[in-house]
1. So which residues in region A:75-109 are in contact with a Pro (Cβ under 8 Å, 6 or more places away or on another chain) and away from chain B (no Cβ under 14 Å), if there are any at all?
2. Just give me the residues in region A:16-38 being within 14 Å of another protein chain (Cβ to nearest Cβ) and modelled with pLDDT under 90, in sequence order.
3. Can you name the condition, by its number, that A:T224 falls short on among (1) of a type in the set (S, T, N, Q); (2) closer than 30 Å to B:P182 by Cα; (3) within 24 Å of the chain's Cα centre (by Cα)?
4. With under 27 Å from A:E342 (Cα atoms), without any contact (Cβ under 8 Å) to a residue 60 or more places away in the chain and at the interface with another protein chain (Cβ under 10 Å from one of its Cβ atoms) as the only criterion, which of B:S72, B:S79, B:S85 stands out?
5. Report, by residue number, each residue of region A:233-253 that is open to solvent by less than 30 Å² (accessible area, probe 1.4 Å), farther than 16 Å from A:A304 by Cα and hydroxyl-bearing (S, T, Y).
6. Does any residue of region A:211-220 turn out to be of a type in the set (G, A, S), under 26 Å from B:F119 (Cα atoms) and part of a strand (DSSP E or B)?
7. Across region B:41-51, what is the number of residues that are within 11 Å of chain A (Cβ to nearest Cβ) and in contact with a Phe, Trp or Tyr (Cβ under 7 Å, 6 or more places away or on another chain)?
8. Looking at region A:211-222, can you tell me whether even one residue there is closer than 30 Å to A:R27 by Cα, surrounded by 24 or more Cβ atoms within 10 Å (Cβ to Cβ) and in contact with a strand residue (DSSP E or B) (Cβ under 7 Å, 6 or more places away or on another chain)?
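The values are calculated or read from the model by the stated rules, or taken from the named source; none is laboratory data. Predicted, not measured: the structure shown is a model, and the values here were computed from it. Cβ: placed from backbone, ideal geometry, glycine included. Neighbour counts: every protein chain shown. Note: areas computed on protein heavy atoms with side chains; ligands, DNA, RNA excluded. Shrake-Rupley method; radii C 1.70, N 1.55, O 1.52, S 1.80 Å.
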Amino acid sequence: MTVWAHVLAGSDAIGRAATNVENIVLRLLGKTRQALAVNVDPRSGWISVVARDQIVDRQRPTLVTADDARRRAEKFLLDLAGSLAPSPDQPLVFMPPLPSSPVELALVPHASRPEWNHWIYRTIPQLPTARGAPPAPVIGSAIEIRIGDGGQIIGYHARWRPTTGERRSCEQAALPAAEPKRAAPRPVYVLDGLNVPQHYLALHYLVDEGADFELVSGCSLALTVELELADTETTTRVRAIASGGTGNYAYSWARYAMSDPFAGIEELGAGTLERGDSGTSSTIELAKGAPIVMVHVVDLATGAFKHYQQLVVSSPFATRQEPVLAELDAPFEVRIVEEPAE
Amino acid sequence: MKTIYADTGTGGTNWSCVARTDAGGIAEKGGVVLQDVLHDGHHFAKDIRLLVIWLFIDILDPAGNVISKEASRVFLRGSGAMTASPIEELKTLSISNPMFKGWGSLDGARESLDFAKFFTAKTNHAGYGLRVKYAGKTGQFAYLKNFEFDHIDVTQLFLLSHYGLSPPHEPGGVLTAARFHPMINYAFAPNPTFNPMLERRVLTSVRFDYRMQLYLDALYDKKDAIATNGQNAGVFRDDDTLDLLVGGASLVGITSVEDVIFTAAEKPLLYELTAPGLAKGASSYPAGPIAPVNQIEISAPARIMCWDNVHWWGGGVGKNIISTPGAFHAAHLHWRWGGIGGAAPHGSDSQFGPGGVPAGIRGNFLNSYGVLVDPRIWIQSVRFAVTLNDPKLDPDQVAKLDDLTNTDWKQTFQGLRASPSDIANPSDLVLWYSVEVHRSVTVPSLEQTSYAAGAGPVTRSFPGGTFTCGTEGTIFIHGIFFAHEPEQTSSKIGARSPFYMPRRASLIPRNWERTA
């Protein structure tokens, strides 16, 4: 059986549409840029609209009922979907299909005063997995609407990367068998996050592992990556193991230091490739430290792509089996010596 | 002076905050104070600051014997013995998400491996940063006679990261969040006139004391409730092994997921608290002396168990208690992940796996699995407290920062009142967090024998010795991750109800110091 991967818009296309989308949002809300901070990120497409004076400064707003707040939020979403519908001039899908009911509708009190400030309506976008098949939620995405004084929309956040509307068919992976007494695996799409390189949304399964959940590949375009670590006296070996694709993987590595994260990304190349039964893995060797390690993986047979990054903390020892057993220091008398006065 | 910083423009991380400095834009005594920290319009904190750096010093006679001990405070500042740079704003720079041209063709695939397609050279997408560099002047420590160090250089870096699933924030890799790292990078400079043949002063540890007034929006489902913006906190210790009995019980539905993952929990905290988080790199320590008795047994004093993490959320009634595990709208502060994380998909990674200090210890009483520390300065003790926001400990109301810290860290809080106050109901709370980096740790050698069913005794040897670590590094690399997702609950995700183990709430003593 085949399922759909949904192609994400590139930053060039999003950038061209961003200002127009901002103007549409402002027009719908009847506000100016002076009244609302509105931003459509031209790289990710995430939308942020905040009436700061309402959320931070507004005193004793008159809030509508929960039902009214919900109606107003959903009407705004419908209006926005209509206004942002793809057209020849603006072909991107800025509004995802949404479930018919919110995941959450809640009251938020003011940060400094014991009074209600606004309602927040939150929902998770969904995407169709195949023709006639039920939609699957997109993990990592969310739509938030804040409803403030008199029922006005005072905030809108869309953690959603626009799609091009193009769907690519790919072979669905077998649904993992559910362990007894565990939740059944659930098909989901995964949006990796703001500023995380990603080309498309592919189907995964959310699998209940008892003590935790795991995302596993749900189709031939959904790659997953795990890192394995091994320490030597002076270095840490990091091995990336991709899965979910054909096994014919290529890798590209980079890192940046947590001690100086703005010094820049250091590219590390393809690593040492090793062909195993389940596919090609890649290993790099790093000086001891605590960097964020980043790796791009491509399935050379299908073009499937995955970016993965991870904080890697080296052991100070050559092995992770050294003992560290200590009694805490006994309480001691200490004399405080002050710095000289300035 | 208060300056608004916001990374809400192009390519931004959507964090915003206010930085407080003196009128000239230079950090006040103590360092930069961040206030009104929000992400995507969700409140995260009202006030976050480093209070003080403590130096703990041994005075040695010429033969190397300890003859007395001293402690000295260093306050970050831009005057006196230190200089400070203005706040440097480090913005997210280029990242692009190019269309995957030629999808399915080898050319398109190979092109995607090129980091330059996503990140501009010498820039990165690590996030948004505010940085101040403090330089100790030559002779900063001259008031400490024949001290091995001349001065200390410190960088205060608030790293605020993007919202997303990558890098993963927990072993499952399924919780979306952004990171807040109030990091301190430090390096001691040697004293060129230090004479090791004379009576001398040597550094035994350096301690960094934080005050963090986290504030998250409370979420209520009923308008008829009282609008309180109080906070709640919970503390947890992870399990280190997937206990077969408990795990099996979970599989047949006898117990819940919380019972499998944790060995101790207090959610929400019933009373104010002071507690250990790490003890010289380990997550537990002995309550008394230890010594090998023979080849089979050791003298095994009770173990004092440390907590692994603090969770913080906008409290309330009904549905406003976070789920555990899960905590979809909460601040998560994890300095260690228990071994049970090793069973999860990202559990083999060092972020959730063995960690930066030696692991695999079953010898007598300690386990250092999954500690998240800079390996250069891995011998760390973490202490934390959760208290009411007491005016006596509000740095904007007390006369001196000196009043907010003590050589015996917990005394600052335990001195407030004999018994800790109730904080189970949402309250105005403050998190106090302290990291002490030790120069060395000495451990005894011992052997431990275990008996496996159907097999003979198995003896493992653990050589003792003294381990040391460096005098420069970065603390708080794990950061605090802030998830603001709709809360969820199920028997598999975790319950949104109070949770106490191993003791029931009614059996938890009203003591300041409570261990896991």
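1. A:V93, A:F94, A:P96, A:P97
2. A:R33, A:L36, A:A37, A:V38
3. It is condition (2) that A:T224 fails.
4. Details: B:S72 fails: without any contact (Cβ under 8 Å) to a residue 60 or more places away in the chain; B:S85 fails: at the interface with another protein chain (Cβ under 10 Å from one of its Cβ atoms).
Exactly one of B:S72, B:S79, B:S85 is under 27 Å from A:E342 (Cα atoms), without any contact (Cβ under 8 Å) to a residue 60 or more places away in the chain and at the interface with another protein chain (Cβ under 10 Å from one of its Cβ atoms), namely B:S79.
5. Listed by number, the residues that qualify are A:T235, A:T236.
6. no
7. 4
8. Looking for residues that are closer than 30 Å to A:R27 by Cα, surrounded by 24 or more Cβ atoms within 10 Å (Cβ to Cβ) and in contact with a strand residue (DSSP E or B) (Cβ under 7 Å, 6 or more places away or on another chain), one finds none in region A:211-222, hence no.
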